[in-house]
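These notes concern the structure reproduced below.
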Amino acid sequence: MWSLRQWRRRRYLRRAPLDEGLWREALRRVPLTGGFNDAELGRLRDLATLFLREKSIEAAAGIQLDPLMRLVIAIQACVPILNLSLDDYRGWHAVIVYPDQFRPGREVTDEDEIVHVDDEWKAGESWERGPVILSWEDVLASGSDGVNLVIHEFAHKLDMQDGVANGAPPLHRGMARQAWAEAFSAAYADFCRRVDRGEDTRIDPYASESPEEFFAVLSEVFFEWPGVVDEEYPRVYQQLRLYYRQDPLARVAAAGGD
Ligand SMILES: [Zn+2]
């Protein structure tokens, strides 16, 4: 099963290569890839090509999606899995794109079993075994202030792989669940205290919403502003480095940045 899928993927990559000009143009729209080396760019390109084949990116509320927009989304979705696998996004099929923020208007059941309609405006959502939903306007705002909506929503997808969004994706062999839990719970408690005090944090205060939002927001910052995660919560940086199998800080240093 596994090898047949791999064989089909390799065959597809040989037969349907991505247009070079389109690839270059899309990469320019994702500045965080600036420090990627050639091997990483090659893997990212293969993953994004396969992502576009295996997932369906669908337009909602009248937005027109062109190949460049689809590729920009695919590239950012594949950054977190650069050294993992496209199979980590299995079990769901669609990415739905709205022109700007949207209100899902769906019924949700809270922890007291009370059903109400979720009518808050949202920039993005990730449903367990369901679609990822994105506001294109907020996709465009990614890269500034350490935010990245696509990485945020796909971090939720990785977190939900074990069936529950709790801020802890299934860890790799060799990683210790206790080390993860200690690093994240101490950082989360500290961050919530700082937000409660009204501190002007470099990390989006939305991260204090819940442990799963903390993981998703810290994942965005890990890729966009790795130095901030490393300075503020070095143990979280180390756990994210082990989990994503990437060291964005080393990439920034190699590129001569700070
Ligand atoms: Zn979230």
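Of everything in segment 103-119 that's more than 30 Å from Arg70 (Cα to Cα) and among the β-branched types (Val, Ile, Thr), which residue is surrounded by the most Cβ atoms within 10 Å (Cβ to Cβ)? Among those residues, the one meeting the criterion is Val117. Is it true that some residue in segment 221-232 is away from the ligand (no atom under 13 Å from the Cβ), buried (at least 18 other Cβ atoms within 10 Å of the Cβ) and in a loop (DSSP other than H, G, I, E, B)? Within segment 221-232, one or more residues are away from the ligand (no atom under 13 Å from the Cβ), buried (at least 18 other Cβ atoms within 10 Å of the Cβ) and in a loop (DSSP other than H, G, I, E, B). Any residue at all in segment 187-204 that's in contact (Cβ under 8 Å) with a residue 60 or more places away in the chain and within 14 Å of the ligand (Cβ to nearest atom)? No, segment 187-204 has no match at all. When residues in segment 143-167 are screened for being in a loop (DSSP other than H, G, I, E, B), crowded, with 16+ Cβ neighbours inside 10 Å and within 14 Å of the ligand (Cβ to nearest atom), 4 of them pass. Reported count of residues in segment 1-53, each being closer than 17 Å to Val150 by Cα and exposed (fewer than 15 other Cβ atoms within 10 Å of the Cβ), is 2. Screening Gly21 against (1) closer than 16 Å to Gln246 by Cβ; (2) without any contact (Cβ under 8 Å) to a residue 12 or more places away in the chain leaves a single unmet condition, (1).
Hey, which of the strands (runs of 3 or more DSSP E) in segment 60-128, taking only ones fully inside, have at least 1 residues that are among the charged types (D, E, K, R)?
Of the strands (runs of 3 or more DSSP E) lying wholly inside segment 60-128, those with at least 1 residues that are among the charged types (D, E, K, R) span 106-109, 115-118, 124-126.
I need a count of the residues in segment 111-132 that are β-branched (Val, Ile, Thr) and within 17 Å of His152 (Cα to Cα). Going through segment 111-132 one residue at a time, the tally reaches 1. Restricting attention to segment 124-142, the residues being more than 12 Å from the ligand (Cβ to nearest atom) and touching a Ser or Thr at 6+ places or on another chain (Cβ under 6 Å) number 0.
The single residue among Asp88, Asp100 that is closer than 28 Å to Phe36 by Cα and surrounded by 13 or more Cβ atoms within 10 Å (Cβ to Cβ) turns out to be Asp88. The set of residues from segment 168-194 being over 17 Å from Leu86 (Cα atoms) and buried (at least 18 other Cβ atoms within 10 Å of the Cβ) comprises Ala168, Trp180, Ala183, Phe184, Ala187, Tyr188, Phe191.
Only the coordinates and a few stated rules stand behind these numbers; no lab work does. Model, not experiment: these values are computed from the prediction. Note: ideal-geometry Cβ built from the backbone for every residue, glycine included; neighbour counts use all protein chains shown.
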